[in-house]
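Input: a single structure, listed below in structure tokens.
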Amino acid sequence: MNVNGKLLTAFPPLTLSSMFTLESDRLILKDWKRSDWKDAHAYASDPEVSKFMIWGPNTEAETKDFIDTAMDVASVKPRRGYELAMVLKETNSIVGGCGLQVVGKEGATAMIGYVLQHSLWGKGLMTEAASRIIEFGFTDLKLHRVYATCDVENIGSARVMEKCGMRREAHFVKDMYIKKNWRDTYLYAMLETEWQARGTASGAE
């Protein structure tokens, strides 16, 4: 997910350490640091990984620019952007990224995005990371709505959003010109009340 780091409006600050982290069963999501760029470039330069993205395959300079932008976003106070490295606990290696960006003047809506190295697709890791950052959005940031988009041909990304409990709100036809082609886009979203209801239903099973 790409973010521009612009501070749109005041948003209640959180009490967080200088190196922000979230944890799930198999993953740690953490702030990027400059020395991480080679790990990020390993997947960001892969044409298969960036096939449906608005970016990539990255040059080294582009990956370094991304890391710098992520660090800039993390330094904005009060914080509105969380562009995080995805660390696989089993290997202690960075295998992808997951992000959340608060948008709008009300500070009640956020967009999420994610990317994962190709060799780990199909193992549920992306759903795990996305679910964790959605949980953070609703519980810690007190968001009202979380949304995400994907190319309609990106079946894997659409499945991740559906597994997280997001519902498809829209199908935009030829709305984005990316890599010399017009693409269709799916929009998925979830409200805080839907997230709460999903958790209640799971707990009742």
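The values are calculated or read from the model by the stated rules, or taken from the named source; none is laboratory data. Since this is a predicted model, take the numbers as computed values, not measurements. Note: ideal-geometry Cβ built from the backbone for every residue, glycine included; neighbour counts use all protein chains shown.
A few comments on the model shown:
- Residue in segment 115-134 that is aromatic (Phe, Trp, Tyr) and in contact with a strand residue (DSSP E or B) (Cβ under 7 Å, 6 or more places away or on another chain) present: no
- Selection within segment 47-76: residues that are in a loop (DSSP other than H, G, I, E, B) and in contact with a Gly (Cβ under 8 Å, 6 or more places away or on another chain). The member of this set that is surrounded by the most Cβ atoms within 10 Å (Cβ to Cβ) is Val49.
- Any chance Ala40 is closer than 21 Å to Leu125 by Cα and buried (at least 16 other Cβ atoms within 10 Å of the Cβ): yes
- Residue check, Tyr82 at pLDDT 95 or above, among the hydroxyl-bearing types (Ser, Thr, Tyr), surrounded by 16 or more Cβ atoms within 10 Å (Cβ to Cβ) and outside any strand (DSSP E or B): no
- If the condition is being in contact (Cβ under 8 Å) with a residue 24 or more places away in the chain and either of a type in the set (A, V, I, L, M, F, W, C) or in contact with a Cys (Cβ under 8 Å, 6 or more places away or on another chain) (or both), then segment 38-69 contributes Ala40, Ala42, Ala44, Val49, Phe52, Met53, Ile54, Trp55, Phe66, Ile67.
- Yes/no for Lys163 being out of contact with any strand residue (DSSP E or B) (no Cβ under 9 Å at 6 or more places or on another chain) and touching a residue at least 12 places away in the same chain (Cβ under 8 Å): yes
- Any hit, segment 188-199, residues being under 22 Å from Lys51 (Cβ atoms) and out of contact with any Pro (no Cβ under 6 Å at 6 or more places or on another chain): yes
- The residue that is farthest from the chain's Cα centre (by Cα), counting only those in segment 164-184 that are among the aliphatic types (A, V, I, L, M) and assigned to a strand (DSSP E or B), is Val173.
- Within segment 148-164, considering residues that are surrounded by fewer than 18 Cβ atoms within 10 Å (Cβ to Cβ) and of a type outside the set (S, T, N, Q), the one nearest to Glu106 (Cα to Cα): Glu162
- Which numbered condition Ile134 misses (of (1) on the phi < 0 side of the Ramachandran plot; (2) part of a strand (DSSP E or B)): (2)
- The lone exception for Ser45 - which of (1) within 22 Å of Phe136 (Cα to Cα); (2) at pLDDT 95 or above; (3) among the hydroxyl-bearing types (Ser, Thr, Tyr) it fails: (1)
- Checked against the criterion of being touching a residue at least 40 places away in the same chain (Cβ under 8 Å) and aromatic (Phe, Trp, Tyr), segment 130-145 contains one or more residues that satisfy it.
- In segment 126-147, residue nearest to Phe20 (Cα to Cα) [restricted to those that are crowded, with 23+ Cβ neighbours inside 10 Å and touching a Ser or Thr at 6+ places or on another chain (Cβ under 9 Å)]: Ala129
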